[in-house]
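Peer 1: Quick one: the structure is below, and I'll ask about it shortly.
The values are calculated or read from the model by the stated rules, or taken from the named source; none is laboratory data. Everything numeric here is computed off the predicted structure, so don't read it as measured data. Please note: Cβ atoms are built from the backbone with ideal geometry, for glycine as well, and neighbour counts cover all protein chains shown.
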Amino acid sequence: MKLFDVYPLQPVTITKGLGSYVWDESGTRYLDMYGGHAVISIGHTHPHWVKRIEQQLEQLAFYSNSVHLPIQQTLAEKLGEISGKKNYQLFLCNSGAEANENALKLASFVTQRRKIIAFRQSFHGRTSLAVAATDNPSIVAPVNETDAVIFLPLNDEQALEDCFKKVGSTIAAVIIEGIQGVGGIRVASTSFLRLIQQQCKQYGALLIADSVQCGYGRSGEFFSHDFAQVDADMYTMAKGMGNGFPIGGVLIAPHIQPKHGMLGTTFGGNPLACAAALGVLEVMENESLISNAKVVGQYLMEQLNKIPSLQNVRGRGLMIGFDVPPELATLKNRLLNEYQIFTGEAKPSVIRLLPALSLTREQADEFLQALQTAIATHPTT
Ligand code: PMP
């Protein structure tokens, strides 16, 4: 049987990972500044995380949500502590799209409204409503097309106010990434996030903070929306939450009342995924990874800003993007093929850095050194 061919592949076969490095089948080592698409938070195959999963696997891998599973409560408590959202409620699922799908659906249940505000260049996932709220028509199938989603320009306060003035009473939710990832590392401004919170309160809509990529400590705060000191009604999470073990979740503000049957899932909150997520939080705490992301991220940004040919260096913590000028168009591929460094990209010409939150300053220097050499030796066309 063939694999359904939906991904353009890099010419590399990865067989092993440890910390911020991965190895291919012939034993060549690569520095991972991409984190398997922002998924690797505490580093590849962290020994504590491996042990946590192994121990749980020997105990109980799965039972359904029809019984008490105490490890879910343990995870909720630890997550409340580390995120600072102790009074929120936790709904567990398996992916980022699922987290957003459930959050949007819950907002509609609670408000009994059917319009959503999302932003230009957003990415929220590939399930029906999450993809409809994603600003990329090429991945929206005809069956997912809906007039329920209104797209506004990011950071345009006037457009937001005008929209609420016109149709505010129909808006169930505003969904926004604190830092757009797929859209090319575009940071939502503090004043914009505060205005969204204020308008949502005024018109009875809910604020959904999509933290699937920008969350879980990557920005140097637990949620990147925390920089604006807003309290979202829901935070959606996935990627770094399991460090590669599939798990997603929604943090739900205390004023939102649950009802039996409102949301549900077979695999969400399974003990194995909870053990992986607990392993992640324990390592994040023990190794102070959120402050490491802040410090190493700041260092990387400062150094990147000194490289004249890179434009618009931006981001927060270890979520960094910069524009690559046309004459360096092959830079990303050269970093991989000639310097054994994985980076991410965003169309058309952005390099995205999404390394593990445990990236050291020495590893940052290793990347910067290679980047500078690659630029200095770039073939002229
Ligand atoms: N939201 C954001 C901000 C994302 O970056 C992504 C994945 N790129 C998703 C949602 C969807 O997550 P998943 O692929 O786990 O469904």
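Peer 1: When you look at M301, is it surrounded by 14 or more Cβ atoms within 10 Å (Cβ to Cβ), modelled with pLDDT of 95 or more and in contact with a Lys or Arg (Cβ under 6 Å, 6 or more places away or on another chain), yes or no?
Peer 2: Judged against the criteria, M301 is not a match.
Peer 1: Can you pull out the residues in the range 17-57 that are under 24 Å from the mean Cα position of the chain (by Cα) and of a type in the set (G, A, S)?
Peer 2: Answer for the range 17-57, where residues must be under 24 Å from the mean Cα position of the chain (by Cα) and of a type in the set (G, A, S): G17, G19, S20, G35, G36, A38, S41, G43.
Peer 1: If we scan the range 339-359, do we find a residue that is among the charged types (D, E, K, R) and over 24 Å from V39 (Cβ atoms)?
Peer 2: no
Peer 1: Inside the range 23-61, can you point out the residues that are surrounded by 12 or more Cβ atoms within 10 Å (Cβ to Cβ) and part of a loop (DSSP other than H, G, I, E, B)?
Peer 2: Those that are surrounded by 12 or more Cβ atoms within 10 Å (Cβ to Cβ) and part of a loop (DSSP other than H, G, I, E, B): M33, Y34, V39, I40, S41, I42, G43, T45, H46, L60, A61.
Peer 1: Name the helices (runs of 4 or more DSSP H) wholly within the range 84-191 that hold at least 2 residues that are within 15 Å of the ligand (Cβ to nearest atom)?
Peer 2: It comes to 96-111, 128-132.
Peer 1: If a residue must be crowded, with 23+ Cβ neighbours inside 10 Å and either in contact with a helix residue (DSSP H, G or I) (Cβ under 6 Å, 6 or more places away or on another chain) or closer than 20 Å to I320 by Cα (or both), how many such residues does the range 194-219 contain?
Peer 2: 14
Peer 1: Taking the options G84, G80, name whichever one is small (G, A, S), assigned by TED's automatic domain parsing to the domain that holds G183 and without any contact (Cβ under 8 Å) to a residue 12 or more places away in the chain.
Peer 2: Being small (G, A, S), assigned by TED's automatic domain parsing to the domain that holds G183 and without any contact (Cβ under 8 Å) to a residue 12 or more places away in the chain holds for just one of G84, G80, which is G80.
Peer 1: Scan the range 322-381 residue by residue and report those that are surrounded by 13 or more Cβ atoms within 10 Å (Cβ to Cβ), assigned to a loop (DSSP other than H, G, I, E, B) and touching a helix residue (DSSP H, G or I) at 6+ places or on another chain (Cβ under 8 Å).
Peer 2: Those that are surrounded by 13 or more Cβ atoms within 10 Å (Cβ to Cβ), assigned to a loop (DSSP other than H, G, I, E, B) and touching a helix residue (DSSP H, G or I) at 6+ places or on another chain (Cβ under 8 Å): V324, T343, S349, L354, P355, A356, L357, S358, L359, T360, H378.
Peer 1: Tally up the residues in the range 20-44 that are away from the ligand (no atom under 16 Å from the Cβ) and over 17 Å from G297 (Cα atoms), please.
Peer 2: Residues that pass the stated criteria total 11.
Peer 1: Residues in the range 236-268 that are within 16 Å of Q89 (Cβ to Cβ), within 16 Å of the ligand (Cβ to nearest atom) and part of a loop (DSSP other than H, G, I, E, B): how many?
Peer 2: Within the range 236-268, residues that are within 16 Å of Q89 (Cβ to Cβ), within 16 Å of the ligand (Cβ to nearest atom) and part of a loop (DSSP other than H, G, I, E, B) number 2.
Peer 1: Just need a number here: residues in the range 73-86 that are buried (at least 19 other Cβ atoms within 10 Å of the Cβ) and either at pLDDT below 95 or not basic (K, R) (or both).
Peer 2: Number of matching residues: 4.
Peer 1: Confirm whether K16 is assigned to a loop (DSSP other than H, G, I, E, B), at pLDDT 95 or above and either more than 16 Å from the ligand (Cβ to nearest atom) or outside the structural domain of R352 (by TED's automatic domain parsing) (or both).
Peer 2: Against the criterion (assigned to a loop (DSSP other than H, G, I, E, B), at pLDDT 95 or above and either more than 16 Å from the ligand (Cβ to nearest atom) or outside the structural domain of R352 (by TED's automatic domain parsing) (or both)), K16 does not qualify.
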